[in-house]
Amino acid sequence: MESNTSTLVIPPPSTEVSSFDFKLLNNVPKQFVWSSKDLLKSSSEKLNAPLIDLKAIKGDEVAMANAAKLVREACMKHGFFEVTNHGVDHDLIIAAHREYDSIFKLPLEKKLSGKSKLNTWGYSSGHAERFSSSLPWKETFTYPYHYVHESDSEIVDFFKSMLGDEFEQAGLVNQKYCEAMKEVSMKIMELLAISLGADPSYFQRFFEDGVAIMRSNHYPSCQNPSITLGVGPHCDPTSLTILHQDQVPGLEVYVDDKWLPVPPRPEIPDALIINIGDTLEALTNGVYKSVLHRVLVNDKVDRKSLAFFLNPRADKTLIPPQNLFENGEKRNFPDFTWAQLYEFTQKRHRADSDTLPLFVSWLRSQEAPPSN
């Protein structure tokens with residue numbers, strides 16, 4: 001594997017089609033068909049993930065210690081937990097979903113006008129502009145959120161430039177949503193640092209001036225859901241994902257060689273899902289696991305989610321806290337920056353379960369002296 005990583009390149013997208021109108025698809029096009037190993041049957045079990053009350057642990061050392069223990073156990077096993085009482089207003093979450101509904105209900109031609117020609121921002125239909133096979137049965141709208149931004153209208157301006165002035169309200173709602181996610185992310189980073197016995201602010205320093213990726217996912221109902229996936233098996237290359245899913249099942253996590261469903265919590269509709277990504281796995285020296293997950297679709301109803309991907313500042317070198325090496329533990333990952341890993345996923349490797357080890361092998365191959 002290591003000898004081939006220097007030549008890894010993402011296959012070019014298909015020239016046949018660069019977008020799909022899911023409302024008009026009666027059959028599953030060949031580009032959306034996944035392999036049998038990716039479509040392995042789900043377990044009848046459900047993931048047993050801890051639910052952390054962020055309000056209850058604030059200022060309470062005992063509650064914080066108990067929460068940190070639960071988080072540590074979950075992140076060492078699979079990298080997944082949930083939080084409640086996080087401070088994000090219920091009406092804001094509903095409003096964010098509603099604004100994206102208005103986008104995804106637009107005619108395809110109008111939605112495609114909100115697609116950037118230069119990068120991955122804006123609207124995407126099955127990521128067909130990037131890949132040629134195993135396409136996800138979904139459409140997305142994605143944009144960057146700068147933790148340190150020069151203008152308070154940054155996101156409003158983005159929505160207006162991509163979709164028109166009539167989407168100013170969508171921009172305003174999303175600006176508020178991202179600001180709320182920023183606050184939650186800093187709380188989570190403090191909790192994660194405490195769970196590892198590090199300085200509570202250690203991880204926050206990497207992210208306080210970073211750029212997050214905000215994405216809304218719409219998974220349309222599908223006539224033949226048994227041969228496709230809303231998202232294939234993968235680990236997020238980012239650091240941390242904060243997800244709000246609606247009340248439609250579909251999310252699954254791979255644990256102990258089984259695909260375990262992560263059902264919505266109707267009794268706690270505002271619960272936020274937290275999962276560890278590749279970058280944070282490296283930043284914890286592999287103590288915490290980047291969670292392998294996928295999304296199923298169904299033939300009855302659409303599914304929607306809001307995903308906030310947290311990243312460190314692009315040029316900061318990722319160094320785990322020193323307390324993880326007090327007993328002589330070795331570094332499991334070389335120094336690298338988020339900019340390097342992000343470029344790898346954009347130009348050399350489509351994100352999957354092997355992204356981090358392949359990236360590390362590629363990175364080391366770039367540093368190795370040329371052979372004589």
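Odds and ends about this structure:
- Of the strands (runs of 3 or more DSSP E) lying entirely inside region 120-238, those containing at least 3 residues that are at pLDDT 95 or above span 139-146, 211-219, 231-234.
- Note on region 30-108: enclosed helices (runs of 4 or more DSSP H) holding 2 or more residues that are touching a strand residue (DSSP E or B) at 6+ places or on another chain (Cβ under 6 Å) are 61-77, 90-104.
- Failed condition for ILE274, given (1) closer than 22 Å to GLN31 by Cα; (2) outside any loop (DSSP other than H, G, I, E, B): (1)
- Only one of HIS86, HIS78 that is closer than 27 Å to LEU229 by Cα and either hydrophobic (A, V, I, L, M, F, W, C) or surrounded by 17 or more Cβ atoms within 10 Å (Cβ to Cβ) (or both): HIS78
Every residue, every condition in (1) modelled with pLDDT of 95 or more; (2) under 24 Å from SER201 (Cα atoms); (3) in contact with a Phe, Trp or Tyr (Cβ under 9 Å, 6 or more places away or on another chain), yes or no:
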| position | (1), (2), (3) |
| --- | --- |
| ALA314 | yes, yes, yes |
| LEU324 | yes, yes, no |
| ARG331 | yes, yes, yes |
| PRO334 | yes, yes, no |
| THR337 | yes, yes, no |
| LEU341 | yes, yes, yes |
| GLN346 | no, no, no |
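- Residue tally, condition buried (at least 19 other Cβ atoms within 10 Å of the Cβ), under 30 Å from TYR202 (Cα atoms) and not β-branched (Val, Ile, Thr), over region 148-174: 1
- Filtered residue count, region 17-48, keeping only those that are of a type outside the set (S, T, N, Q), at pLDDT 95 or above and over 22 Å from ASP302 (Cα atoms): 3
- For region 319-349, the set of residues classified as in a loop (DSSP other than H, G, I, E, B), under 22 Å from the mean Cα position of the chain (by Cα) and within 13 Å of ASP278 (Cβ to Cβ) consists of PHE333, PHE336, HIS349, listed by residue number.
- Selected residue (criterion: nearest to GLU99 (Cα to Cα)) from residues of region 302-318 that are assigned to a loop (DSSP other than H, G, I, E, B) and touching a Gly at 6+ places or on another chain (Cβ under 6 Å): ASN311
- Some residue of region 246-260 being out of contact with any Ser or Thr (no Cβ under 6 Å at 6 or more places or on another chain), surrounded by fewer than 24 Cβ atoms within 10 Å (Cβ to Cβ) and either more than 26 Å from SER42 (Cα to Cα) or polar (S, T, N, Q) (or both): yes
- Only residues that are farther than 16 Å from VAL231 by Cα and either in contact (Cβ under 8 Å) with a residue 40 or more places away in the chain or not small (Gly, Ala, Ser) (or both) were counted in region 26-45, giving 4.
- Identity of the residue in region 301-329, among the charged types (D, E, K, R) and surrounded by 12 or more Cβ atoms within 10 Å (Cβ to Cβ), that ends up farthest from PRO136 (Cα to Cα): GLU329
The values are calculated or read from the model by the stated rules, or taken from the named source; none is laboratory data. Remember, it's a predicted structure, so these values are computed and weren't measured experimentally. Here Cβ is always computed from backbone atoms with ideal geometry, including for glycine, and neighbour counts include all displayed protein chains.
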